[in-house]
Amino acid sequence: MEFAELIKTPRVDGVVLHRPFLPTVEGTLCLTGHHLILSSRQDNTEELWLLHSNIDSIEKRFVGSQGTIIVKCKDLRVIQLDIPGMEESLNIASSIEALSTLDSVSLMYPFFYRPMFEVIEDGWNLFLPEEAFKDIESVTDEWRLSSVNKDFTVCPSYPPLLVVPKSVDDDTLRKAATFRHGGRFPVLSYYHKKNGMVMMRAGQPLTGTNGRRCKEDEKLINATLRAGKRGYIIDTRTINLAQQAKARGGGFEQEANYPQWRRIHKAIERWSILQESLIKLVEACNDQSHSMDRWLSKLEASNWQTHVKEILTTACLAAQCIDREGASVLVHGTEGTDSTLQVTSLAQIILDPASRTIRGFESLVEREWLQAGHPFQQRCAQSAYSMGKPRWEAPVFLLFLDCVWQILRQFPCSFQFNEHFLVLLFQHAYASQFGTFMGNNAADRVKLKLSQKTVSLWSWVNRPQEMERFLNPLYEPNSLVIWPSVAPQSLLLWEAVFLRWNRSSKCLEEACVCMLHIIEYNKELQSKVNALRRQLAQLQTEDSLLDTP
């Protein structure tokens, strides 16, 4: 199929663009295979370049011969295009609808994008499992890198290389995989260097109504325990949901078969509930009625902050078991690709200072989300404005980023990156010129040959001139475990995402500039203080020499 077939009117003059808090722009609207572009001949006017893949839905209105198209985007912005001519308006609207809902992955923009920058280091080769394992290997010899899944047949959603206990062979792993949902047998997620405790993740056990057991699975997770130690299984479902899963062939670990493990159930909502929550939250944020009661009731009805609290609470529990109780942890829900990853990755943010640096956080996203098989293509196919009925869509990754922002806000000096970095990841997960978030798992990315045919987001972000934008000026390396508050009063609405397009950010930008000036001035004063101290020490030394008979 040619893009030209979908573009009925490629260009229209005299189109007026309306955006919140920006002056209106009149110019020429152009449609290409991947972009909606509005260019003006006025000086100092910013052009609009909008990826079709970023468009969630459009609305059409007509007054006389003029048409208005409201474009609602996956990054939650809403823009308005006033187009002269009924036919042109209808053609533009139908073209946008067709181009923003392409089914073929091979027609996506990352396959056509050619970077205008020099790729200094290839992001596809930055966070390889072999390199991550070297860090574990340097402190313990109890683990190994298994290639049991090298052809993706043991578990379609796992990567080819996995870290498992050294005492467990590949045949045991294959048998354990048949006992776990989607073949997701327990694998290492995090090794806590402070005390040698570990966090594992998996899919639910397939016990079913007959109470099926698997000796290989029991051997695998018991191999992670030290002599005389107990472990915790954190199930992200309520006990009722876990019981109901038995009727569908799933279930949970029976105490009789796992006597050294204590099971704890936490209530994190499944992905299917979360999409409705996002839609309600965005609707509340866009409500211009200015009624306090209405705003607060809508915010509460969305349940978004409740989801944030549940996820953070469970992550804190996992971190507490590992760091304070000196126990290893296994985390799973149903599939092991959504709430499980939220918990394991947030627990690492709490426990591991390296995860709070830019490179460390990129590595965490690669390891615990992309390689761990979070289905980005399914979950991020639609955002809050889509008219279609949700199928697999859910803001699982956005909720994780929101939780990270909550911790960053509580510990503003412990993170090397700022919230702009988190917002950037949200935007690129939903629509991007880079191939990083394409596909649903490692097998998809290999099949699509993304590392050969597309550019990695990390190749762009890690360039010094780009990385500078994402650095937190307040950052001071903190080697301690950080314990966020999960009290309702401590959790705020993430304005940089949900109110970004609803109110002017001018005051915040001015405050940031002011803060940077204060920090620079403080550095200058500190430098002068250090110089004066050296002078004083030198003078005292000279005085003591003069006083010596």
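For segment 119-141, filtering for residues that are free of Cβ contacts under 8 Å to residues at least 60 places away in the same chain and part of a loop (DSSP other than H, G, I, E, B) leaves 5. For the condition surrounded by fewer than 19 Cβ atoms within 10 Å (Cβ to Cβ) and closer than 30 Å to ALA442 by Cβ, GLU118 qualifies.
When the residues of segment 207-243 are filtered to those that are of a type in the set (A, V, I, L, M, F, W, C) and either assigned to a helix (DSSP H, G or I) or surrounded by fewer than 19 Cβ atoms within 10 Å (Cβ to Cβ) (or both), the one that is modelled with the lowest pLDDT is ALA227.
There is no residue in segment 63-75 that is more than 30 Å from LEU281 (Cα to Cα), touching a strand residue (DSSP E or B) at 6+ places or on another chain (Cβ under 9 Å) and in a helix (DSSP H, G or I). Residues in segment 439-472 that are of a type in the set (Val, Ile, Thr), crowded, with 19+ Cβ neighbours inside 10 Å and part of a helix (DSSP H, G or I): VAL461 alone.
Give the number of residues within segment 80-93 that are buried (at least 20 other Cβ atoms within 10 Å of the Cβ) and part of a strand (DSSP E or B). So the count comes out to 2. Scanning segment 244-279 for residues that are more than 21 Å from PHE185 (Cβ to Cβ), open to solvent by less than 20 Å² (accessible area, probe 1.4 Å) and of a type in the set (A, V, I, L, M, F, W, C) yields ILE268, LEU274, LEU278.
In segment 152-167, the residue that is most open to solvent (accessible area, probe 1.4 Å) out of those that are over 27 Å from the mean Cα position of the chain (by Cα) and not polar (S, T, N, Q) is LYS166. If the condition is being in contact with a Phe, Trp or Tyr (Cβ under 8 Å, 6 or more places away or on another chain), open to solvent by 50 Å² or more (accessible area, probe 1.4 Å) and not aromatic (Phe, Trp, Tyr), then segment 473-504 contributes ARG503, SER504. The residues in segment 142-196 that are aliphatic (A, V, I, L, M) and assigned to a strand (DSSP E or B) can be counted, and the count is 6. Going by the structure shown, is ARG61 touching a residue at least 12 places away in the same chain (Cβ under 8 Å) and surrounded by fewer than 17 Cβ atoms within 10 Å (Cβ to Cβ)? Spelling it out, it is not the case that ARG61 is touching a residue at least 12 places away in the same chain (Cβ under 8 Å) and surrounded by fewer than 17 Cβ atoms within 10 Å (Cβ to Cβ).
Scanning segment 434-463 for residues that are charged (D, E, K, R) and under 13 Å from LEU370 (Cβ atoms) yields a count of 2.
The values are calculated or read from the model by the stated rules, or taken from the named source; none is laboratory data. Treat the numbers as computed from the prediction; the structure is a model and nothing was measured. Neighbour counts run over all protein chains shown; Cβ positions are idealised from the backbone, glycine included. Note: accessible area is taken over every heavy atom of the protein model, side chains too, but ligands, DNA and RNA are not part of it. Shrake-Rupley method; radii C 1.70, N 1.55, O 1.52, S 1.80 Å.
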